[in-house]
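The values are calculated or read from the model by the stated rules, or taken from the named source; none is laboratory data. Fair warning: this is a prediction, and the values are worked out from it, not measured in the lab. A quick note on method: Cβ atoms are made from the backbone with ideal geometry, for glycine too, and the neighbour counts reach across all protein chains shown. All accessible areas refer to the heavy atoms of the entire protein, side chains included, with ligands and DNA or RNA removed. Shrake-Rupley method; radii C 1.70, N 1.55, O 1.52, S 1.80 Å.
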Amino acid sequence: MALRNEIPLYIWPYIFLNHTMMRLFLSIAAVFLFVTGYARPAVDSPPPPPAVLPGVYADPHVAVSGKRFYIYPTTDGFEGWKSDYFTAWSSADLVSWKSEGVILDLKKDISWAHSRAWAPAIAFSHGKYYYYFCAETNIGVAVGNKPTGPFKDALGKPLVAKGTLRGQMIDPMVFVDDDGSAYLYFGQGNCNMVKLHDDMISYDSSALVSFKPEGYNEGPFVFKRNHVYYLMWSEYDTRDPRYSVAYATSSSPLGPFVKAAGNPVLKGSGAVKGAGHHSVVKVPGRDEWYIVYHRFKIPGGNGYNRETCISRMRFDDKGNILPVNVFETMQPVKPF
């Protein structure tokens, strides 16, 4: 009361006005912060499921042989991706994985390249397993009698040498159609595709098709469902947390492909970053599909320290691929 009596009456309207203006300013500021998200409480995403392979592995190619699934990855953890060997892993249920050891060692098994062993793929034809791989930005092919090798260089030189086309000659994938015809897809910067000869280790270079779907960077993968061919690929760079997967469809394995709406269908969220460079597998005898991909290792991962994950992949009634839930816990696949 003493303080109030010490302030002249003509001052009080200014005090009241300033107090009112300050309250109004604070109210407006609070609304701005809420709308822009600065004052919103953080919403925690669910914890990501664990990686399916121990350690750091990337660029996983998944396949089925007999009653087992196989993953063929890039061995990660090397600055500049300088691994020089490949491993294989097998599983009966897509959850529990067994190491099959080293199946191809560049320094021992390949005469024309000794480093940068990247992004392999496998295909089965004429009773043999054909293992396609990158080495020093060339694409090679090796052959073996079992899905776990041993594999031997089939050509003694690259199947696709670096500099052959625009972009890097990396990330091979071979799709074998219902009639036994095999098609090779590869390339960073451009998507290249060509029908392989029956020997699986040669092709007519004049028949090669190159194009670049919107957003395409690398990692092409093709599969067929209900007479529709799906071409999938990775967008952005593998060191970018936005690394993700998109797709297009066609009525032919060589296109033309039309990019689908609703892309990307696989991307990171929350603690999951850099989800991409995938492959797809169908459970034999069932319309049940899974996508195998890498993400930054959790915790502390980056573009050189990535880990392999598996998620369920679903379709709507029109055949569109639905967005993949990277937080869904992987359940063991029932025997087939």
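Assorted remarks:
- Tally, over region 134-179, of residues that are open to solvent by less than 40 Å² (accessible area, probe 1.4 Å) and either on the phi > 0 side of the Ramachandran plot or touching a residue at least 60 places away in the same chain (Cβ under 8 Å) (or both): 9
- The C-beta contact set for region 237-262 (first residue without any contact (Cβ under 8 Å) to a residue 24 or more places away in the chain, second residue of a type in the set (A, V, I, L, M), distance under 6 angstrom, 6+ apart or interchain) comprises VAL258/ALA248.
- Condition met for HIS114 (over 22 Å from MET200 (Cα atoms) and either modelled with pLDDT of 95 or more or not hydroxyl-bearing (Ser, Thr, Tyr) (or both)): yes
- Within region 115-144, considering residues that are over 20 Å from SER181 (Cα atoms) and of a type in the set (S, T, N, Q), the one nearest to the chain's Cα centre (by Cα): THR137
- Of all residues in region 318-334 being in a loop (DSSP other than H, G, I, E, B) and β-branched (Val, Ile, Thr), the one that is nearest to LYS224 (Cα to Cα): VAL324
- Subset of region 213-231 [farther than 13 Å from MET193 by Cβ and assigned to a strand (DSSP E or B)]: GLU218, GLY219, PHE223, LYS224, ARG225, VAL228, TYR230
- Residue check for HIS278: within 27 Å of VAL174 (Cα to Cα) and either touching a Lys or Arg at 6+ places or on another chain (Cβ under 6 Å) or open to solvent by 50 Å² or more (accessible area, probe 1.4 Å) (or both): no
- Those residues of region 74-92 which are touching a strand residue (DSSP E or B) at 6+ places or on another chain (Cβ under 8 Å) and either in a loop (DSSP other than H, G, I, E, B) or surrounded by fewer than 17 Cβ atoms within 10 Å (Cβ to Cβ) (or both), in sequence order: ASP76, GLY77, TRP81, SER83, ASP84, TYR85, ALA92
- Single residue of region 42-65 satisfying the filter (touching a residue at least 40 places away in the same chain (Cβ under 8 Å) and of a type in the set (Gly, Ala, Ser)) that is surrounded by the most Cβ atoms within 10 Å (Cβ to Cβ): ALA58
- Test: residue in region 195-218 that is within 25 Å of the chain's Cα centre (by Cα), surrounded by fewer than 16 Cβ atoms within 10 Å (Cβ to Cβ) and closer than 21 Å to TRP118 by Cα: no
- For region 229-263, residues that are open to solvent by 40 Å² or more (accessible area, probe 1.4 Å) and either on the phi < 0 side of the Ramachandran plot or among the hydrophobic types (A, V, I, L, M, F, W, C) (or both) total 12.
- Cross-chain or 6+ apart pairs with Cβ under 6 Å, region 181-204 first and at negative phi, then part of a loop (DSSP other than H, G, I, E, B) and among the small types (Gly, Ala, Ser): GLN188/GLY167; ASN190/GLY167; ILE201/ALA154
- Within region 308-317, none of the residues are within 23 Å of ASN263 (Cα to Cα), in a loop (DSSP other than H, G, I, E, B) and of a type in the set (Gly, Ala, Ser).
- When restricted to residues that are part of a loop (DSSP other than H, G, I, E, B) and either hydroxyl-bearing (Ser, Thr, Tyr) or farther than 18 Å from ASP59 by Cβ (or both), region 163-189 contains 9.
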